[in-house]
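Reviewing the structure listed below.
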Amino acid sequence: MREFVFALEYDPGTNPVADVLAAHPDASVRSLSCHVTPDSLWRVDHATGPEEALTELEAAYETADYFADCLVKDHCGAECETQVLDRSSDTLVVYTYWDRTEVCTSVPHVALEVLGEGLLFETYREGRRYRWRIVLSSDAPIHEFFDALGEEVGECAGMEVLRVTELDPDRSGFDADREGSLPDEQREALAAAVEHGYYETPRRIELDDLAEILGVPRSTLSYRLRRAEAALATVFVGETESIEALAAAGANGSL
């Protein structure tokens with residue numbers, strides 16, 4: 001088995017969810033499940049971020065002009081069902097389902113047609129960047145799939161291949177809440193911060209300057225670093241060792 005990781009970068013006005021995420025750098029969306037048949041697509045997405053962003057995301061999911069993952073910019077005539085499964089001040093879980101029409105297409109549908117059945121999909125969205133991870137057989141025609149996807153995507157989004165590797169059971173994808181895994185955006189931000197001395201005392205670079213080097217807004221960089229730091233701290237503490245135990249060890253001089 002192999003994993004194929006690539007990203008779409010949506011232009012403004014081509015995808016309502018991407019527009020909301022671009023306006024709210026502290027918000028992100030990851031897939032909990034994604035399933036496709038020749039005639040339909042359904043998925044469950046988990047969004048986190050400030051309440052204002054989640055309100056706008058919920059509205060974007062429910063707009064009549066949006067069907068989850070449909071690559072057709074104009075109304076495709078599909079029948080779509082959207083249901084909010086969970087909602088809090090910082091969490092939104094949304095179920096979407098749509099029946100395909102003759103003009104509808106999507107990343108999972110192109111993958112099904114070119115790569116065949118038995119695929120596993122995982123996605124992560126931040127800003128206008130939409131990252132896909134597909135687990136597939138080692139002999140699957142990846143280049144044919146990417147060429148076919150490029151024809152369907154057209155001018156609404158840029159495309160970038162990020163990784164094609166044999167499946168690593170120790171790597172768990174994009175979810176930064178899982179042990180040992182960080183989304184590449186967070187990994188890159190963290191690596192740049194270390195390289196340029198952001199974590200040194202005193203700091204060799206401030207956040208504004210680092211954001212300028214990376215070409216991202218300061219708020220976006222700050223959010224990515226906070227998420228990466230939180231994930232690494234969670235791994236460090238571990239599931240069985242409490243903060244209190246670490247504090248006690250430090251007081252006893254064993255840390």
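Taking each residue of region 145-165 that is more than 9 Å from Val110 (Cβ to Cβ) and polar (S, T, N, Q) and looking for partners that are part of a loop (DSSP other than H, G, I, E, B) and open to solvent by 70 Å² or more (accessible area, probe 1.4 Å) with beta-carbon atoms closer than 6 Å, six or more apart or interchain, yields nothing. For region 194-221, a residue qualifies if it is polar (S, T, N, Q) and in contact (Cβ under 8 Å) with a residue 40 or more places away in the chain, and the qualifying residues are Ser219, Thr220.
For region 77-148, which strands (runs of 3 or more DSSP E) that fit wholly inside it have 3 or more residues that are in contact with a Lys or Arg (Cβ under 9 Å, 6 or more places away or on another chain)? Lay out the reasoning, then the answer.
On the way: elements: 79-87, 91-99, 120-126, 129-136.
Qualifying strands (runs of 3 or more DSSP E): 91-99, 120-126, 129-136.
Scan region 25-47 residue by residue and report those that are of a type outside the set (A, V, I, L, M, F, W, C), crowded, with 22+ Cβ neighbours inside 10 Å and over 23 Å from Ala78 (Cβ atoms).
Result: Ser28, single match.
Within region 90-121, how many residues turn out to be open to solvent by 30 Å² or more (accessible area, probe 1.4 Å), within 20 Å of the chain's Cα centre (by Cα) and modelled with pLDDT under 90? Selection size over region 90-121: 1. For region 163-240, the helices (runs of 4 or more DSSP H) that sit wholly inside it and include 2 or more residues that are modelled with pLDDT of 70 or more and among the acidic types (Asp, Glu) are 184-195, 207-214.
The values are calculated or read from the model by the stated rules, or taken from the named source; none is laboratory data. These numbers come from a predicted model, not from an experiment. Every residue, glycine as well, gets a Cβ built from its backbone with ideal geometry; the counts of neighbours run over all protein chains shown. What goes into the accessible areas is simple: the full protein's heavy atoms, side chains included, and nothing from ligands, DNA or RNA. Shrake-Rupley method; radii C 1.70, N 1.55, O 1.52, S 1.80 Å.
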